[in-house]
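Report on one structure; see the data block that follows.
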Amino acid sequence: MSVEAVITQAMDLVRGVAGSVIECGIGEGRSAMAILEAVRPTDRKVYLVDSFNGLPDISVEDGCSSVFYTGQYRCDPDRIKRILGGYKDIRNMNIFAGVIPEFLYGLADNNFAFAHVDLDLYKGTIGALKFIVPRLSRWGGFLLVHDISQEGVAKAVKEYFKIDNLSWGLLDADYWGFVRL
Ligand SMILES: C[S@@+](CC[C@H](N)C(=O)[O-])C[C@H]1O[C@@H](n2cnc3c(N)ncnc32)[C@H](O)[C@@H]1O
């Protein structure tokens, strides 16, 4: 299943759930575009957040065999904003350059129907979970975590949800974790 198919199916599940949509980790905008397609034609608020500096420093929690490296996925925010700006009909789209989790606490929104966390590393992921999960709708909110098979991401999810074993879905070549409240 492609990124687009996973996002579309997950977003379908929150069609009747009130709340905004948030993505942490925009990268080149592939999953963000799928989110924007799925949001149409509602006027849901969409928050897309990325430092655009690529991955921050790899920490011990990410493991020494991490496939990631500092600066990976760095991209030009203006180019990404231009691409996503093509979705002119989505009036409530907000693209923010900011470091997660610090930036998130400045958002004046406390109710998310759908969240996609795609930050690849432990620190960003645990920080995003701490902000998002308490604000995820208790009536069907949906959390999607990408790359849950990676050591740091898995550690963050296990730690946050206080679970020892993760079950995940292998969709296409990527592992995703999902939680529905
Ligand atoms: C794998 S890419 C995202 C890919 C995108 N979701 C897609 O499917 O096309 C990961 C992104 O997370 C961003 N990122 C990682 N840690 C971050 C943090 N702590 N704060 C902000 N952005 C971060 C990087 O800049 C990078 O663009």
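Among residues other than I22 with Cβ under 13 Å from its Cβ, the summed charge is -1 (Lys and Arg +1, Asp and Glu -1).
Extension gain, R30 to T8: 0.36 nm times the residue separation minus the Cα-Cα distance gives 6.7 nm.
In nm², what is the average projected area of the convex hull enclosing the Cα atoms of the chain?
Details: hull surface 38.1 nm².
About 9.5 nm², averaged over all directions.
Phi angles across the range 135-152 convert, under the Karplus curve 6.51 cos²θ - 1.76 cosθ + 1.60 with θ = phi - 60°, into 3J(HN,Hα) values of 9, 7, 3, 7, 10, x, x, 10, 10, 10, 10, 8, 6, 5, 7, 6, 3, x Hz, Gly and Pro given as x.
For D76 and D164, the FRET efficiency from 1/(1 + (r/R0)^6), where r spans their Cβ atoms and R0 equals 35 Å, is about 0.25. The packing ranking of peptides 79-92, 123-136, highest mean first, is 123-136, 79-92, where packing means the average number of other beta carbon atoms within 10 angstrom of each residue.
Excluding same-chain pairs closer than 8 in sequence, count the lysine pairs in the chain whose Cα atoms lie under 17 Å apart. Could you put the intermediate results ahead of the total?
Values: K45/K81; K45/K88; K123/K155; K123/K158; K123/K162; K130/K155; K130/K158; K130/K162.
Within the chain, the lysine pair count is 8.
Couplings 3J(HN,Hα) of the range 75-82, computed from phi: 8, 7, x, 5, 5, 5, 5, 5 Hz, in residue order, whole Hz [Karplus 6.51 cos²θ - 1.76 cosθ + 1.60, θ = phi - 60°; x for Gly and Pro]. Put simply, the amide H of M93, placed in the peptide plane, has neighbours under 5 Å in V46, leaving out anything fewer than 5 places away on its chain. A cut-off of 5 Å between modelled amide H atoms, ignoring neighbours fewer than 5 places along the same chain, links E23 with Y47, L48, V49, H116. When shorter helices are ignored and each DSSP H run of at least 4 residues is given -39500 (n - 2.57), the per-residue value for the chain at 222 nm works out to -8500 deg cm²/dmol. Using the Karplus relation 6.51 cos²θ - 1.76 cosθ + 1.60 with θ = phi - 60°, the per-residue 3J(HN,Hα) values for the range 8-18 come to 4, 5, 5, 5, 4, 5, 10, 3, x, 9, 6 Hz, with x marking Gly and Pro.
In this label model, N110 and R15 are separated by 3.0 nm, measuring between points 7 Å along each Cα→Cβ vector.
Bear in mind that the values in this text are calculations on the coordinates, not laboratory data. Computed from a predicted structure; not experimentally measured. Cβ coordinates were reconstructed from backbone atoms using ideal geometry, including for glycine residues, and neighbour counts include every protein chain displayed.
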